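Input: a single structure, listed below in structure tokens.
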Amino acid sequence: MRVALVHDWLTGMRGGERVLDRLARRFPGADLHTLVHVPGATSPAIDALRVHTSLLNGLPGIARHYRKLLPLHPFAARRMRLRDYDLVISVSHAVAKSVSLPERIPHLCYCLTPMRYVWDQTDVYLGRGARRALATPLVGALRRFDVAHSGPDQVTRFVAISRSVADRVRRHYGRDARIVHPPVELDRFQPQPKSVGDDYLLIGGFVPYKREEIAIEAFARLGRRLVVVGDGPTRRRLAANAPPNVHFTGRIDDEDLASRLASCRALVHPQEEDFGIAAVEAQAAGRPVIALGAGGALDTVRPGLRILASGATLDLDDAGATGVLFETQDVPSLMQAVLAFEADSQRFDSKLIRDHAERFSDERFLRELQTEIGLTLEGRG
């Protein structure tokens, strides 16, 4: 089969790129279409494909400034014309699903999320002041473009990465989406109960919706040690104002990350993720997760305790619990979740936590996705 893979941009190895890497290994003869490609920024399997880029890719400094060209992304995507393929699979969180293709080509969209900065998290990205007012015409235009290129004539079948994303696809596009959770490389992580220390771990993306500042402030007040891994646009500002008990590492390699996950007291997850691979990786390492009870965490974390919006702590009495969920995205709720976890930490068993993570294996992903590909080829959107 002549297969085309489509991704928004390839400038780093995040959750969407990990899905694409698995597809690249499943379809090593596929063509790959993307707005921007930085060779070496993702994985060998992705770079080994025949990569076709948009007209934006040749602009000076595009690898650092592609986000600033958001108004041009729809135009660039539509200029990418895919013709002689038997199947198109887009891994989309922006405009990848909107590439130009004939209606006869079966198109499966593996939807990471509808564009979060124009639909569900506009306030987080743009605020509520003058910046938001100035951006209103652009937001409206992007919404209209997004909806116009989400119908059955463009996308044969939607597959969502979580219940939360499936709900957004239904609300924004009027389309149903089956759920296939992303694959997680479970074998990279192993429980090490004897090496667990007192440090909590946060894996930061340092973009607005990640809300690292909530965790930093909560741990400043609690006085517990928090290790913050990762890099991104807001890291330097947050690190400059962090208290001594919050330590920033910057980027680390996969081996170091696996070691830190296995030895942390718990992973702190204050953001609403579309899925949240890091939460599953922590559980694969046998460690509990203290997470906001929204988005992908509702699919990935089995709560033993839940901090309600009222401030009450609900004990779910679950012997197979893998973490604590808090309903309100603010500093007091996270502090309460940490203290509740510490008061009842003995209930979290590393082996049972690892067993729960096995639900998100690579083999399960391929099996379920193959079913969705078959339905797409049959034209059953």
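FYI, it's all coordinate maths here, none of it is from the lab. Computed from a prediction, not measured in an experiment: that's the story for all the values here. Here Cβ is always computed from backbone atoms with ideal geometry, including for glycine, and neighbour counts include all displayed protein chains.
Principal semi-axes of the equivalent ellipsoid, √(5λ) from the alpha carbon gyration tensor of segment 214-318, are 23, 18, 13 Å from largest down.
In this structure the amide hydrogen of Phe248, modeled in the peptide plane, comes within under 5 Å of the amide hydrogens of Val228, none closer than 5 places in sequence on its chain.
The lysines whose alpha-carbon is closer than 24 Å to the alpha-carbon of Lys97, local same-chain residues fewer than 8 away aside, are Lys68.
Averaging the Cα positions of each part gives two centres, and for segment 61-81 and segment 342-361 these lie 42 Å apart.
Put the Cα centre of segment 21-45 next to the Cα centre of segment 256-333 and the gap is 31 Å.
Applying D = kT/(6 pi eta Rh) to segment 9-99, where Rh is the Kirkwood radius over alpha-carbon pairs, T corresponds to 25 °C and eta to 0.890 mPa s, the Stokes-Einstein value obtained is 183 µm²/s.
Computed on segment 186-360, the Cα convex hull volume stands at 100 Å³ per residue.
A convex hull fitted around the alpha carbon atoms of segment 60-122 yields 108 Å³ per residue. Distance between the pseudo-spin-label points of Arg132 and Arg78 (7 Å out from Cα toward the beta carbon): 2.9 nm. Here's the list of lysines a cross-link from Lys351 could span, going by alpha-carbon distance under 20 Å and ignoring same-chain residues fewer than 8 apart: Lys194.
Using only the Cα atoms of segment 109-161, each taken as one equal point scatterer with no solvent, compute I(q) by the Debye sum, divide by I(0), and report log10 of the ratio at q = 0.20 Å⁻¹. Log10 I(q)/I(0), no solvent term: -0.75. Note on Ala141 and Ser100: the extension gain reaches 12.9 nm, defined as 0.36 nm multiplied by sequence separation minus the Cα-Cα distance.
Extension gain for the segment Ala45 to Ala343, taken as residue separation times 0.36 nm less the Cα-Cα distance, is 102.8 nm to one decimal.
Using the Cβ-Cβ distance between Leu366 and Arg251 with R0 = 35 Å, the FRET efficiency computed as 1/(1 + (r/R0)^6) comes to roughly 0.75. Calculated on C-alpha atoms, the gyration radius of segment 134-247 divided by its Kirkwood radius gives an Rg/Rh of 1.11.
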